[in-house]
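For reference, the structure is listed below as structure tokens.
The values are calculated or read from the model by the stated rules, or taken from the named source; none is laboratory data. Computed from a predicted structure; not experimentally measured. Cβ atoms come from the backbone with ideal geometry, glycine included; neighbour counts cover every protein chain shown.
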Amino acid sequence: MIKTAVYPGSFDPVTNGHLDIIKRACNIFDRLIVAVLVNPNKRPLFGADERVKMLKTVLKGNRNVHVDCFEGLLVDYLRKKKINVVIRGLRAVSDLEYEFQIGHINRSLYPRVETVFLMPSEKYVYLTASIVREVSALGGDMRSFVPGHVARTLKIKFRK
Ligand code: ADP
């Protein structure tokens, strides 16, 4: 039986921390769907299409990883796809409270769901997509924190 997991998130944009979690998840599961959350109440830096495109570019060649996007409840997406495993990254204890909250809510909405928490390499524990957006907006070079393709896309986005 092929075991598939879903890694949901905003990925606005995808960072090396996300990629570290994707690599670890691929060592456990046969197939991974990286699912970009489309949230109409949020104003992301990159539109859903752009986020999906960036992920597809940086994950090209990983045959077990698929990129998709979804709107609405994660549990509805999981049911539709017939998948019951969710991957989340845990950077530090500070992530735990929020992750527990959504993990338990997801389980109460869909009792079969299991959330698997993975720890990134310590070099990524302080890395968030929001810090990447903030520093890039001020002209900072993000090449150590995001894949080259994403660093170039950020540069173009903030070109004055
Ligand atoms: P962020 O929290 O950076 O804005 P997302 O909303 O896209 O990113 O997060 C999706 C998932 O990836 C969450 O489980 C989050 O904890 C995890 N994640 C984000 N950045 C990292 C990182 N540097 N290391 C490990 N996990 C991460």
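For region 76-160, the helices (runs of 4 or more DSSP H) that sit wholly inside it and include 2 or more residues that are of a type in the set (A, V, I, L, M, F, W, C) and at pLDDT below 95 are 93-109.
Of everything in region 45-62 that's within 14 Å of the chain's Cα centre (by Cα) and part of a loop (DSSP other than H, G, I, E, B), which residue is surrounded by the most Cβ atoms within 10 Å (Cβ to Cβ)? Checking each candidate, the answer is 46. Scanning region 9-41 for residues that are part of a strand (DSSP E or B) and either near the ligand (Cβ under 7 Å from one of its atoms) or surrounded by fewer than 18 Cβ atoms within 10 Å (Cβ to Cβ) (or both) yields 9, 31, 38.
The single condition from (1) over 19 Å from residue 120 (Cβ atoms); (2) in contact with a strand residue (DSSP E or B) (Cβ under 7 Å, 6 or more places away or on another chain) that residue 7 fails is (1).
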